[in-house]
Amino acid sequence: MAYDKFSIINTSAVPLPYENVDTDQIIPARFLKAVERKGFGDNLFRDWRYENDGSPKADFPLNNPKYSGKILVGGKNFGSGSSREHAAWAIYDYGFRVVVSSFFADIFKGNALNNGLLPVVVSPEFLEKIFDQIEKDADSTFEVDLPNQVFTITATGESTDFEINPYKKHCLQNGLDDIDYLVEMKEQIAEFEQA
Amino acid sequence: MTAKTLFDKIWDAHVVKEVEGGPNVLYIDRHFIHEVTSPVAFLGLKTRGLKVYRPDQTTATPDHNVPTINQHLSIKDELSRNQVDMLKKNCDENGIVYHGLGTEGHGVVHIIGPEMGLTQPGMTIVCGDSHTSTHGAFGAIAFGIGTSEVEMVLASQCIMQPKPKKMRITVNGTLDKGVTAKDIALYIISKISTSGGTGHFIEYAGSAITSLSMEGRMTLCNLSIESGARGGMIAPDETTFNYVKGRQFAPKGEDWDKAMEKWAELKSDEDAVFDTDYTFDAADIEPMITYGTNPGMGIGVSQTIPTSEGLSGTDKTTYQKSLQYMGYNEGDAMKGKPVDFVFLGSCTNGRIEDFREFAAFVKGKKKADNVTAWLVPGSKAVQNQIEAEGLVPILEEAGFQLRQPGCSACLAMNDDKIPTGKYSVSTSNRNFEGRQGPGARTLLASPLTAAAAAVTGVIADPREMM
Ligand code: SF4
């Protein structure tokens, strides 16, 4: 799937200070009936964002006008549960390009990377600092520097390195995906099947 | 030669290429697809002008989104119907075998694979569904993937994956009466938490594991993902081979003998090293029930809800938010709490053994009036077997009706939704907020504990009634 190339971004962030945010919350199952990859952002965090009658829940961060930006900051064990890639699509489609947490569930992390959404793992202490900074000033910005793998709190200048697999980094920076790679390996795969 | 785990042996035999500084290109033997996570993958394939590379290694069935009554009628919900039709169309266009609604091969994807003998020891198996871990019960590497990866497998029969770490969970001893594989799983997750397995692939071992039936092993491996692990597996043994032998797609004749030779190698070497090791005692496990909004929030049915003492920060707020959603208080006893719905089914507990246990338990008893019960077989074959074994009259006598196969209230994509605020004792795998319908409150438990709730109308200890 084509997505925007990723390099350095500098934006404010939306805090979601809950742990174990599972993919059923990110996008509830009843919104998985589409057969195209479109419009999932509208139902991102649907049941946390809206009442049953469709009115927005004022206390949910995504509905709070003071928060904006391309970075979503979540508590530990973000993205657990169902393998639905719709979760990554919904977050991307809503406008986020980065999700920060101290811990990600495996499948979610893979899905995010396959869709141009960068999962950034920081220490629990650094995560608290990010939450504190947003709490202090919701307009605070953060820099995510993929080439150098550094995440910085602009206001304080505090920064931390983050890890990413070199192959995945290359893919993200160039907007490439694994399928191109695999299709080019056809012969080698056929040989493997023979062996 | 260095000692290898069971996982290493199968993984290493399937690596087509190690990408420098990157993941492994892993060959996939078996690919299961369903209607929800495949359409965008087929669309991607079409956009790239590609065909399915190995249709004969791909099997499809619609399960997530299908009604569990009146399956002979066309599906009422337009979006659901469209998704199911789309799967059929994609399969037809690409020469993939499709087990449609009402046909003998239909059912939840993780139930039909083993039933048909498509799931075999030593294989790599994927599906765009996290509970693909179920198939690990046969000594296979089986794990859930996202839609981009479904597209990869359709296009190349390969997937790009970093090799996970290895964990061994040993459970020794004998299970108490009334304690099942489901309880072992919920117990383990309550101990290691829903992220304890992250980054790992689990091998289950020990006498309490090897004495489980294949159905029980599938239940246990199914729930591996709820500990955060990609999957779980159990070394194949006589129980496994006896289950596989004679099934539709199982090797036959000479091929069987050859397969058996290979399968005999499928165990961890004695001195193989695991990154993480846990050992539990079966005697410590009682029938389990969850009280919160993730599968790690489980306790023995006779216990009380833990307090938030000792928690702080987001740990504490998350815990309190969870209890608030459930309408429970710290320190509450679980026993005696009211129940509105009971769901028997899903890829976790929708197999014949689960229905046998449930039926044997409710035999001669009556369903409580306040409980609505949904009994949903995991597949048409399970449904046929329930009928053939004469369980239907027993269930009906006790006030229960059987529905038709599908995922049903496990994720409530169809009409089987638990209403807001209602309590559902469910044999499925996830008690997340809204999993069984917006506002629904799910309590995960075994078929026996579900049966005890169904006949008493409250949470009850099945051991006291057996
Ligand atoms: S029964 Fe539930 S967990 Fe299993 S495949 Fe269906 S929706 Fe997923």
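Data overview
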| read-out | value |
| --- | --- |
| Virtual spin-label span in nm between B:Ala388 and B:Lys177, 7 Å along Cα→Cβ | 3.0 |
| GNM flexibility winner over chain A from A:Tyr92, A:Tyr167, A:Tyr67 (Cα, springs under 10 Å) | A:Tyr167 |
| Relative contact order (%) - criterion: Cα under 8 Å, at least six apart; region: segment A:65-195 | 18 |
| Enclosed volume per residue, in Å³, of the convex hull spanned by Cα atoms of segment A:121-162 | 60 |
| Spatial separation of Cα centroids for segment B:426-443 and segment B:155-189, in angstrom | 22 |
| In sequence order, calculated HN-Hα J values of segment B:454-459 (Karplus, 6.51, -1.76, 1.60; Hz; x Gly/Pro) | 5, 8, 9, x, 9, 6 |
| q = 0.11, 0.12 Å⁻¹, segment B:306-381: log10 I(q)/I(0) [Debye, one scatterer per Cα] | -0.49, -0.57 |
| Listed pairs A:Lys66/A:Lys136; B:Lys337/B:Lys422; B:Lys51/B:Lys163; A:Lys5/A:Lys168 exceeding 20 Å between Cα atoms | B:Lys51/B:Lys163 |
| Listed residues A:Asn115, A:Asn43, A:Asn63, most fluctuating in chain A (Gaussian network, C-alpha, under 10 Å) | A:Asn63 |
| Convex hull volume of segment B:32-116 per residue (C-alpha atoms, cubic angstrom) | 89 |
| Principal axis dimensions, largest first and in whole angstrom, of segment B:312-447 by Cα | 55, 28, 22 |
| Gain on full stretching of the segment that runs from B:Trp256 to B:Asp271 - 0.36 nm per residue minus C-alpha separation | 2.5 nm |
| Spread of Cα-to-Cα distances over 10 Å intervals beginning at zero, given as percent, for segment B:120-257 | 12, 41, 32, 14, 1 |
| Inverse of mean 1/r across different Cα pairs in chain A, Kirkwood, Å | 17.5 |
| Low-density loop cleavage sites - trypsin sites (Lys or Arg not before Pro) in segment B:158-227, where at most 11 other Cβ are within 10 Å (DSSP) | B:Lys177 |
| Cα-centred dipole magnitude for segment B:211-287, charges only on beta-carbon of K, R (+1) and D, E (-1), debye, nearest 20 | 580 |
| Chain pair A, B: total accessible area buried, heavy atoms, 1.4 Å probe, Å² | 4900 |
| Nearest-0.05 FRET efficiency for A:Glu128 and B:Tyr325, computed from C-beta distance (R0 25 Å) | 0.55 |
| Pairs from B:Lys335/B:Lys380; A:Lys70/B:Lys166; A:Lys76/B:Lys166; B:Lys76/B:Lys366; A:Lys109/B:Lys267 whose Cα-Cα separation, in the structure shown, is over 25 Å | B:Lys335/B:Lys380; A:Lys70/B:Lys166; B:Lys76/B:Lys366; A:Lys109/B:Lys267 |
| Rounded D (µm²/s) - segment B:115-170, Kirkwood Rh over Cα pairs, Stokes-Einstein at 25 °C, 0.890 mPa s | 202 |
| Cβ-placed point charges (K, R +1; D, E -1), dipole of segment B:306-434 about Cα centre in debye, nearest 20 | 60 |
| Alpha carbon Rg of segment A:19-93, scaled by the compact-globule rule 2.2 N^0.38 Å | 1.07 |
| Sequence-distant lysines (8 or more away, or on other chains) whose Cα lies within less than 17 Å of B:Lys191 | B:Lys182 |
| Residues whose placed amide H lies under 5 Å from that of B:Lys166, excluding near-sequence neighbours | B:Phe201, B:Asp275, B:Thr276 |
| Convex hull volume of chain B per residue (C-alpha atoms, cubic angstrom) | 153 |
| Amide H contacts of A:Val120 (H built 1.01 Å from N, under 5 Å, at least 5 apart or other chain) | A:Val99, A:Val100, A:Ser101 |
| Residues of type aspartates and glutamates that B:Lys245 reaches as a straight line, Cα spacing below 18 Å, ignoring anything fewer than 8 places off in the same chain | B:Glu115, B:Glu215, B:Asp237, B:Glu254, B:Asp255, B:Asp257, B:Glu261, B:Glu265 |
| Karplus (6.51, -1.76, 1.60) ³J(HN,Hα), θ = phi - 60°, over segment B:204-210, in Hz, Gly and Pro reported as x | 8, 8, x, 5, 5, 7, 5 |
| Relative contact order [Cα under 8 Å, 6+ residues apart], segment B:406-465, whole percent | 27 |
| 20 Å Cα-Cα reach of B:Lys363 towards aspartates and glutamates, excluding residues that sit fewer than 8 places from it in its own chain | B:Glu353, B:Asp354, B:Glu387, B:Glu389, B:Glu396, B:Glu397, B:Asp461, B:Glu464 |
| Evaluated over the protein assembly as shown, the Cα radius of gyration and Dmax, each in Å | 23.7, 72 |
| Percent RCO, i.e. relative contact order, over chain B, from Cα pairs under 8 Å lying at least 6 residues apart | 17 |
| B:Cys158 accessible area, assembled protein chains, probe 1.4 Å, Å² | 0 |
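The values are calculated or read from the model by the stated rules, or taken from the named source; none is laboratory data. On a predicted model such as this, the values are computed, not experimentally measured, just so you know. Cβ sites come from the backbone with ideal geometry, for glycine too, and all protein chains shown count toward neighbours. Accessible surface is based on the protein model in full, side chains and every heavy atom, while ligands, DNA and RNA are left aside. Shrake-Rupley method; radii C 1.70, N 1.55, O 1.52, S 1.80 Å.
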